[in-house]
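Peer 1: For reference, the structure I am asking about is given below.
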Ligand code: HEM
């Protein structure tokens, strides 16, 4: 057993604090971005409504030929036959590749790609600060691991700090491909909550693992659980925004005033839903692995792969809820808002499993005693 | 797609059971129930119900895991406890309602998978469906035109497109090859549905294997003090729970001897001082009578497998060695007594019964403290898990231990109802406090007790689960199916050509996803590019609403 390196442990704490400060700065930048755009939003809304009103006929005119899919004279003759559509066979098919009608200025672009809406300085600052904070955070987590001479996820404090780092890394990774800066405030806020909870409620000095946790399954099982939870965190944010955006879309459709102007930065509810689905699908595979590896580890440690221990119950509940979510996406009448709610409920179960079950429920956590 | 959203007749698997209630008599009713049960919406509701039903098992103590906690709970909540018990809230996972939900779910699953498998089998063996009349109505659509000068006829263009699509791993079929408007129909990603079916079938496999394990397996517990040997026979166990169909002659006749048990506590870190960091049991295993004994190491997370059974290190503690002499000076008890630790400092409860003592039976209850300190109220407590200052603190009783009545008694509790106290804090004689090597003479000439030394013991679980490997295999199959089903996009593509009166060859293509497929637009763009490159034709119009131009 390597000795605990107290110097590294101290560094880790310092770094963690610094990372926290940098996250607060990033949070402010992202919040500024939202406020900034809400202000702009009020003016654009006027313009956009005006645009919608004046150009209405034009829009329809453009649309009809587009829908018919012709410009070449010759092609029209292909479309004269009766409209037989190879439909989705009654399965609720999400129009994933359909291009929903957009209202310029009122919503972000559905493709969630960069560079379509012009530069957003505060958001850029936010991302830079997040990268900086993440770098310090990596140093903090690494030095914690070095201090203890093992992977830095062996107790609540470490789950929280490492988990927060993974949330940020996943977020930054997704940011390289899609412009999800609109969830920046949310994600950074959540990470700050996790770091605060870690240092206030769960603080534990660096130490060795109890024998029950000394297994390579800790490395495999917990890391996958943490990554999946980070992905679920993102989809939770997307689903919440989806619900808000879909309410906003309804009220905009009947020309009510825009009460949630900051959602101007956010794409349409449908594309949020599709993005959430794609991430949830990956996270669900991750959670399935978490469950399976957990079962294999439980077999090694306790002699049974499944025993309905509290932790196992909740892992199962989460798995079933997200299975329900995936089903909902394929069930007529359950897509959209209901699916979003399932995604939210699933995430609440994840939080419950972590925060409440670990702290307040007794399970198979002590090995000193004889269970007789 | 405009208001004419048409669906072909819904098939049984996906019918959401619109509330048309035909008066059809018994057969009709059964069919109606069946269709309800196998509808996607009810599968979803059953899934959500399963999640909800699993929760109480984490809120209330469960009998199979913790029977004593349930008993305590019932004692503490005399009001609603029995009601909860009546509705099986202490046996959630074998309760009628929980079982009903998952059985219904699995029936629904079978009812869902079988027709789907049949339909998919047919789909895989037939050609991709005929090209729709109006490709322009598909979610992805594009056209190209080839000038007359290119010399590519409509028929030639379709053959080219078919070749390109085949190379892109589509299955293709050319319709109306010689006709005026030949077309090619192509389909890709049928593995997606195979994956989905594999996933759902494997879930059934997992359930069946779990049931096999429960029926034919066994699980038992044994406490082994250093030097003790356990032989895997029914009488050898402290506790044994066989599956309903378990046959005791199937116990592998191995033997385990605990030679030594080593515990390491953290001494280097101030914050975690005294926390265990290693448990290592040195054991000797004999596979069957007469076999060569083999020395092995048993650790937490590292079980040993012998034959079909495995054993696991799940607990440990101290077993003080005591000798009790009765009033007549005869040895009434001698040996290690297993004590049960109740905290991290191994404050260990112990009970000693000497039913052979004469003239009266003797009983002792108390604590073993590996490192005893005394607080300012004169009460001893354990301050460290290692035996640095070991003490036995006991109360003693004499009288009828109640062991002769033939009822099974818990060896870890002493029923003092019919006993007379000899030693405790409130009596003049006081309690018994012994350090190793010391002995104490009981009052009233009832005998003596000596504390001879300390041994350690381990708690092991022995388990045989014939379903386990099957569960693993089906779980892996489910995982593979799940990955295929979630990440393989299934879609169809059609290309149709025709000759314009002015001699140009007109080409149009359309794509349709089946199920989730976010890559459809990218695929359409890729096909458009391929076709354009093949003919070096100017694309006249890809989908004008597509973002990626
Ligand atoms: C034990 C309960 C069940 C679980 C845990 C479960 C889980 C899942 C999961 C995770 C998916 C998404 C992955 C995939 O597409 O393969 C899925 C898809 C699907 N399930 Fe289930 N399922 C269960 C029962 C059922 C039942 C009873 C039905 C039929 C009524 C059903 C019908 C379907 C269908 C049609 C899909 C495909 C959806 C799509 O194409 O997107 N499942 N299921």
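Peer 1: Please state which one of A:329, A:338 is more than 24 Å from residue B:56 (Cβ to Cβ), at the interface with chain B (Cβ under 8 Å from one of its Cβ atoms) and out of contact with any strand residue (DSSP E or B) (no Cβ under 9 Å at 6 or more places or on another chain). Give the derivation first.
Peer 2: Values: A:338 fails: at the interface with chain B (Cβ under 8 Å from one of its Cβ atoms).
Just a single option satisfies the conditions, and that option is A:329.
Peer 1: What residue, among those in the stretch A:272-281 that are at the interface with chain B (Cβ under 8 Å from one of its Cβ atoms) and either buried (at least 23 other Cβ atoms within 10 Å of the Cβ) or in contact (Cβ under 8 Å) with a residue 12 or more places away in the chain (or both), is farthest from the ligand (Cβ to nearest atom)?
Peer 2: The extreme case among them is A:274.
Peer 1: Can I ask one more? Taking the conditions exactly as written (modelled with pLDDT of 90 or more, surrounded by 15 or more Cβ atoms within 10 Å (Cβ to Cβ), in contact with a helix residue (DSSP H, G or I) (Cβ under 9 Å, 6 or more places away or on another chain) and within 14 Å of chain A (Cβ to nearest Cβ)), does residue B:350 satisfy them or not?
Peer 2: So residue B:350 fails the test.
Peer 1: Do the conditions hold for residue B:417, that is, is it in contact with a strand residue (DSSP E or B) (Cβ under 6 Å, 6 or more places away or on another chain), in the same structural domain as residue B:324 (by TED's automatic domain parsing) and within 17 Å of residue B:365 (Cα to Cα)?
Peer 2: No; evaluated as a whole, the condition is false for this residue.
Peer 1: Does the stretch B:493-503 hold any residues that are within 8 Å of another protein chain (Cβ to nearest Cβ) and crowded, with 22+ Cβ neighbours inside 10 Å, and which are they?
Peer 2: Listed by number, the list holds a single entry, B:496.
Peer 1: If I filter the stretch A:322-340 for residues that are more than 12 Å from the ligand (Cβ to nearest atom), over 23 Å from residue B:481 (Cα atoms), within 19 Å of the chain's Cα centre (by Cα) and crowded, with 23+ Cβ neighbours inside 10 Å, do I get at least one hit?
Peer 2: Scanning the stretch A:322-340, I find at least one residue that is more than 12 Å from the ligand (Cβ to nearest atom), over 23 Å from residue B:481 (Cα atoms), within 19 Å of the chain's Cα centre (by Cα) and crowded, with 23+ Cβ neighbours inside 10 Å, so the answer is yes.
Peer 1: If I ask for residues that are assigned to a helix (DSSP H, G or I) and surrounded by fewer than 24 Cβ atoms within 10 Å (Cβ to Cβ), which ones from the stretch A:249-263 would you list?
Peer 2: Of everything in the stretch A:249-263, those that are assigned to a helix (DSSP H, G or I) and surrounded by fewer than 24 Cβ atoms within 10 Å (Cβ to Cβ) turn out to be A:249, A:250, A:251, A:252, A:253, A:261, A:262.
Peer 1: While we're on this one: Look through A:220, A:188 and report the one residue that is touching a residue at least 24 places away in the same chain (Cβ under 8 Å) and within 14 Å of chain B (Cβ to nearest Cβ).
Peer 2: Result: A:220 is the single residue among A:220, A:188 that is touching a residue at least 24 places away in the same chain (Cβ under 8 Å) and within 14 Å of chain B (Cβ to nearest Cβ).
Peer 1: Going through the stretch A:300-326 one residue at a time, which ones are within 7 Å of chain B (Cβ to nearest Cβ) and assigned to a helix (DSSP H, G or I)?
Peer 2: Hits for the stretch A:300-326 are A:300, A:301, A:302, A:310, A:313, A:314, A:316, A:317, A:320, A:321, A:323, A:324.
Peer 1: Of (1) over 19 Å from residue A:317 (Cα atoms); (2) modelled with pLDDT of 90 or more, residue B:102 satisfies all except one. Which?
Peer 2: Exception for residue B:102: condition (1).
Peer 1: Considering B:264, B:249, which residue is more than 30 Å from residue B:507 (Cα to Cα), away from chain A (no Cβ under 14 Å) and surrounded by fewer than 17 Cβ atoms within 10 Å (Cβ to Cβ)?
Peer 2: B:249
Peer 1: Can you name the number of the only condition in (1) surrounded by fewer than 22 Cβ atoms within 10 Å (Cβ to Cβ); (2) not assigned by TED's automatic domain parsing to the domain that holds residue B:282 that residue B:466 fails?
Peer 2: Result: residue B:466 fails condition (2) only.
Peer 1: To continue, here is another question. So, of the residues in the stretch B:267-278 that are surrounded by 16 or more Cβ atoms within 10 Å (Cβ to Cβ) and out of contact with any strand residue (DSSP E or B) (no Cβ under 8 Å at 6 or more places or on another chain), which turns out to be nearest to residue B:456 (Cα to Cα)?
Peer 2: Applying the filter and picking the extreme gives B:272.
Peer 1: Conditions first: (1) surrounded by fewer than 17 Cβ atoms within 10 Å (Cβ to Cβ); (2) within 13 Å of chain A (Cβ to nearest Cβ). Residue B:313 passes all but one, so which condition is the exception?
Peer 2: (1)
Peer 1: Could you say which residue among B:213, B:243 is within 14 Å of another protein chain (Cβ to nearest Cβ), without any contact (Cβ under 8 Å) to a residue 60 or more places away in the chain, over 30 Å from residue B:321 (Cα atoms) and crowded, with 18+ Cβ neighbours inside 10 Å?
Peer 2: Values: B:213 fails: without any contact (Cβ under 8 Å) to a residue 60 or more places away in the chain.
Matching residue, one of B:213, B:243: B:243.
Table: residues versus (1) crowded, with 20+ Cβ neighbours inside 10 Å; (2) at pLDDT 90 or above; (3) assigned to a loop (DSSP other than H, G, I, E, B).
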position: A:118; (1), (2), (3): no, no, yes
position: A:131; (1), (2), (3): no, yes, no
position: A:144; (1), (2), (3): yes, yes, no
position: A:151; (1), (2), (3): no, no, yes
position: A:163; (1), (2), (3): yes, yes, no
position: A:176; (1), (2), (3): no, no, no
position: A:188; (1), (2), (3): yes, yes, no
position: A:191; (1), (2), (3): yes, yes, no
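Peer 1: Being loosely packed, with under 15 Cβ neighbours inside 10 Å, assigned to a helix (DSSP H, G or I) and not assigned by TED's automatic domain parsing to the domain that holds residue B:497 is the requirement here; does residue B:235 meet it? Don't jump to the end; show me each part of the working.
Peer 2: Values: loosely packed, with under 15 Cβ neighbours inside 10 Å: yes; assigned to a helix (DSSP H, G or I): yes; not assigned by TED's automatic domain parsing to the domain that holds residue B:497: yes.
Yes: the conditions hold for residue B:235.
Yes/no per residue for (1) under 29 Å from residue B:399 (Cα atoms); (2) over 32 Å from the mean Cα position of the chain (by Cα):
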position: B:290; (1), (2): no, yes
position: B:314; (1), (2): no, no
position: B:318; (1), (2): yes, yes
position: B:321; (1), (2): yes, yes
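Peer 1: Restricting to strands (runs of 3 or more DSSP E) lying wholly in the stretch B:99-196: which have 2 or more residues that are within 16 Å of the ligand (Cβ to nearest atom) and within 14 Å of another protein chain (Cβ to nearest Cβ)?
Peer 2: Passing ranges: none, list empty.
Peer 1: Among the residues of the stretch B:61-71, is there at least one that is more than 14 Å from chain A (Cβ to nearest Cβ) and either away from the ligand (no atom under 16 Å from the Cβ) or in contact with a strand residue (DSSP E or B) (Cβ under 6 Å, 6 or more places away or on another chain) (or both)? Spell out how you get there, then give the answer.
Peer 2: Within the stretch B:61-71, the first condition is being more than 14 Å from chain A (Cβ to nearest Cβ), and the residues that meet it are B:71.
Checking which are either away from the ligand (no atom under 16 Å from the Cβ) or in contact with a strand residue (DSSP E or B) (Cβ under 6 Å, 6 or more places away or on another chain) (or both) leaves us with B:71.
Yes, the conditions are met somewhere in the stretch B:61-71.
Peer 1: How many residues are more than 12 Å from every other protein chain (Cβ to nearest Cβ) and either buried (at least 18 other Cβ atoms within 10 Å of the Cβ) or away from the ligand (no atom under 11 Å from the Cβ) (or both) when one looks only at the stretch B:198-210? Spell out the reasoning first.
Peer 2: Quick first cut of the stretch B:198-210, residues more than 12 Å from every other protein chain (Cβ to nearest Cβ) only: B:198, B:201, B:204-205, B:208.
Narrowing further to those that are either buried (at least 18 other Cβ atoms within 10 Å of the Cβ) or away from the ligand (no atom under 11 Å from the Cβ) (or both): B:198, B:201, B:205, B:208.
Looking only at that region, the number is 4.
The values are calculated or read from the model by the stated rules, or taken from the named source; none is laboratory data. Note that the structure is predicted; figures quoted are calculated from it, not measured. Please note: Cβ atoms are built from the backbone with ideal geometry, for glycine as well, and neighbour counts cover all protein chains shown.
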